[in-house]
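My questions will all concern the structure given below.
The values are calculated or read from the model by the stated rules, or taken from the named source; none is laboratory data. Bear in mind that the values here come from a model prediction, so they are computed numbers and not experimental data. No Cβ is skipped: glycine too gets one built from the backbone with ideal geometry, and neighbour counts run over all protein chains shown. The area values use the complete protein model at the heavy-atom level, side chains included, leaving out ligands, DNA and RNA. Shrake-Rupley method; radii C 1.70, N 1.55, O 1.52, S 1.80 Å.
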Amino acid sequence: MKIDFEKSGGLVPAIIIEEGTGEVLMLAYMNEESYRKTLETNETWFYSRSRKGLWHKGETSGHLQTVKKIATDCDKDTLLITVEQIGAACHTGAHSCFFNIIKGADE
């Protein structure tokens, strides 16, 4: 399937969710090369906007993400990637990057 990398300057958002729970683990960005490497290796690769280069999730931490499913939205400019998460997804050590509650039952 053709992903529209051109719409946002070569990058598309990739929402990463956990297989089984559906919990949103993180949001990162992919360019065509990281998307291709993700398809080839069955592990997530992203484009780091701050480092301006490819980033293999878990390469240094060991907290790898094994890809189980990849879907796109109707415009083909956002990816939803279901993974088996090994270890923490967040660089802070938290399981998910989304732990700062702004409004909700536990606020």
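Less than 15 Å from a label point 7 Å out along the Cα-to-Cβ axis of Glu19: which backbone N atoms in segment 64-107 qualify, by residue?
64-71, 81-87
Using only DSSP helix segments of four residues or longer, with each worth -39500 (n - 2.57), what per-residue ellipticity at 222 nm results for the chain after dividing by its residue count and rounding to 500?
-2500 deg cm²/dmol
Which value in Å is the Kirkwood Rh of segment 1-54 over different Cα pairs?
Over segment 1-54, the inverse of the mean reciprocal pair distance is 11.8 Å.
Hey, another quick one. Enumerate cysteines in the chain without a disulfide-compatible partner, where compatibility requires another Cys Cβ under 4.7 angstrom.
Cys74
A further question on this structure: Binned at 5 Å from 0, what are the whole-percent values of the Cα-Cα distance distribution for the chain, short to long?
2, 12, 23, 25, 19, 11, 6, 2, 0
For Lys68, what residues show an amide H to amide H distance below 5 Å, using hydrogens built from the backbone and excluding near sequence neighbours?
Thr82, Val83, Glu84
A further question on this structure: By how many degrees, 0 to 90 and rounded to 10, does the Cα axis of helix 32-41 deviate from the longest principal axis of the chain?
Here the helix axis deviates by roughly 70 degrees.
Also: Scan the chain and hand back the longest stretch that contains none of the trypsin sites (Lys or Arg not before Pro) lying in DSSP loops with at most 16 other Cβ atoms within 10 Å.
8-48
Follow-up. What do you get for GluC sites (Glu not before Pro) in segment 1-85 restricted to DSSP loop and a cutoff of at most 15 other Cβ within 10 Å of the site's Cβ?
Answer in residue order: Glu6, Glu19, Glu23, Glu59.
At 1.4 Å probe size, with no ligands or nucleic acids counted, give the accessible surface of Val24 in Å², nearest ten.
60 Å²
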